[in-house]
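This report refers to the structure that appears directly beneath it.
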Amino acid sequence: MSEPLILTLDAGTTGVKCAVFRKDASCVFRRTESYPTLYPRPGWAQQRPGDILDATVRSIRAALETVSPADLAALVFTGTMNGCLPLDKDGNPLYDNIIHSDARTETEVRRIASLIPLQDFYRITGNRIDVHSGLPKYLWLRSHEPDVYHSARWFVNIKDYLYGCATGQFGRTDYSDASLCSCLDLRKKDWAWGILNTLGIPSEKMPDLFPSSDVSGRVTAAFSRMTDLPQGLPVAVGGGDGACAAHGARKHENGAAYMNIGSSAWVSAMSPSPVFDREERLFSYIDLDPEAVNVCGTVQCGAAAFDWAAEHLLGVSEKKEYALLEQTARTVAPGAEGVFFLPTLMGERTPWWTSQASGTLIGLTLYHERKHIVRAVYEGVMQALSFCGAILQENGLPCASLMLIGGGADSALWGQMAASMMNTEVRVHQTPREASSLGAAFAAGVGIGLYRDYEEAASYLRALAVFEPDPEEHSAYQAQAKVYRRLYPAMKEAYCLIDDHQQSCES
């Protein structure tokens, strides 16, 4: 082996990203293999595990056309969190992966809330009882797919399934992914057995817990034949994409923060312990380093809402044309002259935590033109993220500087908006689309001893650009935020009526 390389696979909403990293965090290979997300009913979102495994194998084979298998020191997986993938005792999927953006479990959420006091649940798990979490999805399977539920040996997330395919060790997960199942006791770092017992979920259906840096797994002969990876290559347990993004985007120190603008989007900061917001708007989950916690505010539809609006409202279906949209948005002053866009096309998490909100474009008059809508769409996504940052600040996590990652980091307009809205320095990650992959590589690197610890790994992070807040823009956005943050409460009843009507149209 010459220079040791780490191969990473990130199973996301639209495809699996394969990347190979050197120790210095430079990326020597990147490739994305796409697969579909299925939306069989309004509010539903699921993926076929076979599609994801096939894309994973294709991307690994492509990587090995560029890098030598002999130079690989480890393999690691990451992927979407908040999911539910039932596996049988042999690791075979029994149902599609119900992913993070799925919101089919309103009935199950009400069931949980009727049995467990909301405050107790939040204080134990660091999470609200929410439709997007894994726990109510288990109950949904029990009610609607009882054969699947009873045949399931484990409920896992997608990266755990891929890890099992690579190592033959199914039924393993890490603390970060387990945290957002919403049935982990954050303080004890163990499954919240009292919650599971109350809900009648057998303990044996929960996977075993491992640190993200655990490298006891090894590539099997079968997976080696599928991919051409070396048999016996160490495989790290890895972490959920949010936890991996944190390590690929920020220093490993308390208070360090970052913003991700992906299909879903979030602002997150590191803390030594869970943070319990008095209004339960934030959630906490265990870091790749089990001694730390990530505190997060999440926007359910970030770039996904922008992409939808670009195609269906603005007539732009090719992402290469987004530069023209950004130019158009720059012709309108901050505030979009009173046009507002709420990116709540799949409900919302922070701060409203509801599946009943729908996407909203409001404030239009005969004066307004297409350019105002373009500006409002950009601002609506960033105002939602800025609100998350403000709530973190209320809870003692000021986000004094932010690293920007995700596909949205390509937008200089969003970078400047983030700086001016949140009145803070914003830095653009060196490889913004691979931050989750890089964080996963750090976990594997710590596991095999390539890095002394996560702090050393973070010392290799670099920024491509820096945005500073503009005082005049900040003032305009503050005025806009006063209206923006009151829109959902003012329209809550209307959202409920619309949701009831849409549900009746389905039946």
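Once the Cα gyration tensor of segment 170-278 is diagonalised, what are the square roots of 5 times its eigenvalues, in whole Å and ordered largest first, as equivalent ellipsoid semi-axes?
Working: eigenvalues 151, 104, 30 Å².
Working from the Cα gyration tensor, I get semi-axes of 27, 23, 12 Å.
If contacts are Cα pairs under 8 angstrom and at least 6 residues apart, what is the relative contact order of segment 1-153 in percent? Don't skip to the answer; put the middle values down first.
Working: 264 pairs, mean separation 33.2, N = 153.
Relative contact order of segment 1-153: 22 percent.
What does the C-alpha gyration tensor say about the overall shape of segment 254-301? Classify as rounded when a/c is under 1.5, otherwise prolate if a/b is larger than b/c, or oblate. Can you show the working numbers first?
On the way: a/c = 2.11, a/b = 1.31, b/c = 1.61.
Oblate.
Filter the cross-link list 23/159; 159/492; 189/251 down to pairs whose alpha-carbon distance in this structure exceeds 28 Å.
Working: 23/159 23 Å; 159/492 36 Å; 189/251 23 Å.
Violating the 28 Å Cα-Cα cut-off are 159/492.
To the nearest 0.05, how large is the calculated FRET efficiency for residue 188 and residue 58 if R₀ is 41 Å and r is the Cβ-Cβ distance?
After rounding to 0.05, the efficiency reads 0.50.
Any chance you could run the full-extension gain for residue 107 through residue 148? It's 0.36 nm times the residue separation minus the Cα-Cα distance, nm to one decimal. Could the numbers behind the result be given before it?
Values: separation 41, 0.36 × 41 = 14.76 nm, distance 1.88 nm.
Stretched out fully, the residue 107 to residue 148 stretch lengthens by 12.9 nm.
Using a 10 Å cut-off on Cβ atoms, rank the peptides 447-459, 250-262, 4-16 from the highest mean neighbour count down. Kindly include the intermediate steps, with their values, before the conclusion.
Numbers: 447-459: 16.9, 250-262: 22.8, 4-16: 24.4.
In descending order of packing, they fall as 4-16, 250-262, 447-459.
Run through segment 255-301 and list the GluC sites (Glu not before Pro) located in a DSSP loop whose Cβ has at most 15 other Cβ atoms within 10 Å.
On the way: sites: 279, 280, 291; in loops: 279, 280, 291.
Here the GluC sites (Glu not before Pro) that fit, given the DSSP loop and packing criteria, are 279, 291.
Run the Debye formula on the Cα coordinates of segment 26-172, all scatterers equal and no solvent, and tell me log10 I(q)/I(0) at q = 0.15, 0.17, 0.21 1/Å.
-0.84, -1.00, -1.32
Let me check I've understood the local charge: for residue 406, count other residues with C-beta under 11 angstrom from its C-beta, Lys and Arg +1, Asp and Glu -1. What total comes out? Please list the in-between numbers first.
Numbers: positive: 433; negative: 241, 410, 434.
Within the 11 Å Cβ shell, the charges total -2.
Just flag the chymotrypsin sites (Phe, Trp or Tyr not before Pro) in segment 362-425 sitting in loop per DSSP whose Cβ has no more than 14 other Cβ atoms within 10 Å. List each step's numbers first, then the result.
Details: sites: 367, 378, 387, 414; in loops: 367.
Counting only loop positions with at most 14 other Cβ atoms within 10 Å, the chymotrypsin sites (Phe, Trp or Tyr not before Pro) in segment 362-425 are 367.
Among all the aspartates and glutamates, which ones have a C-alpha under 12 Å from residue 205's C-alpha, if same-chain residues fewer than 8 places away are not counted?
The reachable aspartates and glutamates, counting only those whose Cα sits under 12 Å from residue 205, are 88.
Between residue 463 and residue 486, what is the FRET efficiency for a Förster distance of 30 Å, r being their Cβ-Cβ separation, to the nearest 0.05?
Values: r = 35 Å, r/R0 = 1.16.
About 0.30, to the nearest 0.05.
Once you have a ≥ b ≥ c as the square roots of the Cα gyration tensor eigenvalues for segment 255-409, tell me rounded if a/c is under 1.5, and otherwise prolate or oblate according to whether a/b is larger than b/c. Intermediate values should be presented prior to the final figure.
Details: a/c = 2.20, a/b = 1.92, b/c = 1.14.
Cα axes put segment 255-409 in the prolate bin.
Just to compare against my own numbers: the Cα pair-distance distribution for segment 153-224, 5 Å bins, whole % per bin, please.
Whole-percent P(r) values from 0 Å outward: 3, 16, 26, 23, 16, 8, 5, 2, 0.
So what is the relative contact order for the chain, in percent, with contacts set as C-alpha pairs under 8 Å and at least six apart? Intermediate values should be presented prior to the final figure.
Details: 1166 pairs, mean separation 74.1, N = 507.
Dividing the mean separation by the residue count of the chain yields 15 percent.
Which helices, counted as full DSSP H runs in the chain, have an axial Cα extent of no less than 27 Å and a Kyte-Doolittle average of -0.5 or above?
Working: long enough: 370-394 (36 Å, 0.35); 471-506 (48 Å, -1.00).
Those that clear 27 Å and a mean of -0.5 are 370-394.
Estimate the FRET efficiency between residue 68 and residue 452 by the formula 1/(1 + (r/R0)^6), using the beta-carbon distance for r and 25 Å for R0, to the nearest 0.05. Provide the component values of the computation, followed by the final result.
Details: r = 26 Å, r/R0 = 1.05.
Taking R0 as 25 Å, the efficiency between residue 68 and residue 452 is 0.45.
Net charge near residue 38, counting Lys/Arg +1 and Asp/Glu -1 over other residues with Cβ under 13 Å of its Cβ? Write down the numbers at each step before the final one.
On the way: positive: 41, 48, 104; negative: 51, 96, 102.
Counting the neighbours of residue 38, the net charge comes to 0.
Could you list which residues have their amide H under 5 Å from that of residue 256, counting only those 5 or more apart in sequence or on another chain, with H placed in the peptide plane?
Amide H to amide H, under 5 Å and 5 or more residues apart or across chains, residue 256 pairs with 270.
Mind checking the full-extension length gain between residue 400 and residue 494? Use 0.36 nm per residue of separation minus the Cα-Cα distance, one decimal, nm. All intermediate terms of the calculation are to be shown ahead of the outcome.
Working: separation 94, 0.36 × 94 = 33.84 nm, distance 3.71 nm.
That pair, residue 400 and residue 494, stretches by 30.1 nm at full extension.
What ranking, highest mean first, results for peptides 42-55, 482-495 when packing means the other Cβ atoms within 10 Å averaged over each residue?
42-55, 482-495
Within the set of other residues whose C-beta is less than 10 Å from the C-beta of residue 21, count the net charge using Lys and Arg as +1 and Asp and Glu as -1.
Working: positive: 22, 23, 30; negative: 24, 434.
Local charge sum for residue 21: +1.
Give me the Å³ per residue figure for the convex hull around the C-alpha atoms of segment 89-168. Walk me through the numbers before you get to the answer.
Working: hull volume 8.4 nm³, N = 80.
Dividing the Cα hull volume of segment 89-168 by its residues yields 105 Å³.
Tell me the GluC sites (Glu not before Pro) within segment 297-344 that lie in a loop according to DSSP and have at most 11 other beta-carbon atoms within 10 Å. Show your work: numbers first, answer last.
Values: sites: 311, 318, 321, 326, 337; in loops: 318.
Within segment 297-344, the qualifying GluC sites (Glu not before Pro) (loop, at most 11 other Cβ atoms within 10 Å) are 318.
Considering only DSSP beta bridges whose two residues both sit in the chain, what percent are antiparallel, to the nearest 5?
On the way: 49 of 72 bridges.
So the antiparallel bridges in the chain amount to around 70 percent.
At a 10 angstrom cut-off on C-beta neighbours, averaged per residue, how do the peptides 79-87, 212-220 rank from highest to lowest? Don't skip to the answer; put the middle values down first.
Working: 79-87: 27.8, 212-220: 21.4.
The densest-packed peptide leads the list: 79-87, 212-220.
Each reported figure results from applying straightforward, stated rules to the coordinates on display, with no laboratory input. Keep in mind the model is a prediction, meaning the values are calculated, not measured. Quick reminder, even Gly has a Cβ in these numbers, built from the backbone with ideal geometry, and neighbours come from all protein chains shown.
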